[in-house]
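Okay, so here's the structure we're looking at.
The values are calculated or read from the model by the stated rules, or taken from the named source; none is laboratory data. Fair warning: this is a prediction, and the values are worked out from it, not measured in the lab. Counting neighbours? That spans all protein chains shown, and the Cβs are built from the backbone with ideal geometry, glycine included.
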Amino acid sequence: MPDYIPDPDAAFDAWQANFVSVVSGNLAGYGLVAGDLTPVTTAQTAWNSGFSAQQTAVAAAQAATQTKEANRLTLEAAIRTLVRGIQARPTVTDTAKAAAGITVPDTTPTPSGPPATAPVGKVDTSQRLQHTIHFSDSATPTSKAKPAGVRGCEIWMKVGTPPPATAADLAFVTLDTRTPHVIAFDGSDANKTITYWLRWVSTRGETGPWSAAVSATVPG
């Protein structure tokens, strides 16, 4: 028999508020006196304060993540503009470029084609309403390095069950150029199962084979 107290925090919050309201409004009907309810109302006050503070912190963390992502995009754009100027200057040596960590042009043509390997995905569920998706290459699963010629990892997902049968069941999430990728969920998604498929995308936009499906529940 399922527990009468719901597990997700949001559902529990609504349930406990109704419980205290109904019981306190009809103590005699439940065979109680006011003092019987005191431990519950004392604990309720602490819960209300802590739950409110936690919800505020989650909202602040999500806002901070959005700000961080926007600031990174701005910084990356500024760097790429500067690097284009550096790459256009014939006086800048390959040694100097390598020291700065920017691309050293390869003057030797190499064969190109779609990625031959698939990513390996792993989902960290240690944070409430958040999935942190780590990905590596199946050929080098202990390294964060992408395969040669790969731009990034496409992440696709399906919310709920049954799991996706084909790629047509999936929704595109992002193309991330480095691991990990963080996805924040709404409270309505708590305890839902999310299934992810991943695949590499080359610098020419060619896609490789799909990874094995990886599923995780959204922690509430």
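If you check every pair at least six apart or on different chains, which have Cβ atoms under 6 Å apart with a residue in region 39-59 that is part of a helix (DSSP H, G or I) first and a residue that is of a type outside the set (A, V, I, L, M) second?
The qualifying pairs are Phe51/Asp13.
Out of the residues in region 133-161 that are among the hydrophobic types (A, V, I, L, M, F, W, C) and either outside the structural domain of Thr195 (by TED's automatic domain parsing) or crowded, with 17+ Cβ neighbours inside 10 Å (or both), which is nearest to Asp176 (Cα to Cα)?
Cys153
Gln130 is checked against (1) in the same structural domain as Val92 (by TED's automatic domain parsing); (2) among the polar types (S, T, N, Q); (3) under 13 Å from the mean Cα position of the chain (by Cα) and fails just one. What number does that condition carry?
Unmet for Gln130, out of (1) in the same structural domain as Val92 (by TED's automatic domain parsing); (2) among the polar types (S, T, N, Q); (3) under 13 Å from the mean Cα position of the chain (by Cα): (1).
Would you check which residues across region 57-75 are closer than 18 Å to Pro219 by Cβ and among the hydroxyl-bearing types (Ser, Thr, Tyr) and list them?
Thr65
Just name the residue that is nearest to Asp186 (Cα to Cα) out of those in region 26-40 that are among the β-branched types (Val, Ile, Thr) and surrounded by fewer than 13 Cβ atoms within 10 Å (Cβ to Cβ).
Taking the candidates together, the pick is Thr38.
If you check Val218 against the conditions, is it at pLDDT 95 or above, surrounded by 16 or more Cβ atoms within 10 Å (Cβ to Cβ) and in contact with a helix residue (DSSP H, G or I) (Cβ under 6 Å, 6 or more places away or on another chain)?
For Val218, the condition - at pLDDT 95 or above, surrounded by 16 or more Cβ atoms within 10 Å (Cβ to Cβ) and in contact with a helix residue (DSSP H, G or I) (Cβ under 6 Å, 6 or more places away or on another chain) - is met.
For region 162-181: of the residues being in contact (Cβ under 8 Å) with a residue 24 or more places away in the chain and of a type in the set (D, E, K, R), which is surrounded by the fewest Cβ atoms within 10 Å (Cβ to Cβ)?
Checking each candidate, the answer is Arg178.
Suppose we keep only residues that are outside any loop (DSSP other than H, G, I, E, B) and among the charged types (D, E, K, R) within region 68-98. Which one would you say is farthest from the chain's Cα centre (by Cα)?
Asp94
Regarding Thr195, is this residue under 17 Å from the mean Cα position of the chain (by Cα) and closer than 25 Å to Thr67 by Cα?
So Thr195 fails the test.
So Asp169 ticks every box in (1) farther than 22 Å from Pro114 by Cβ; (2) within 19 Å of the chain's Cα centre (by Cα) but one. Which box is left unticked?
(2)
Pull up region 1-25, narrow it to residues that are surrounded by 10 or more Cβ atoms within 10 Å (Cβ to Cβ) and outside any helix (DSSP H, G or I), then point me to the one that is farthest from the chain's Cα centre (by Cα).
Per the criteria, the residue is Ile5.
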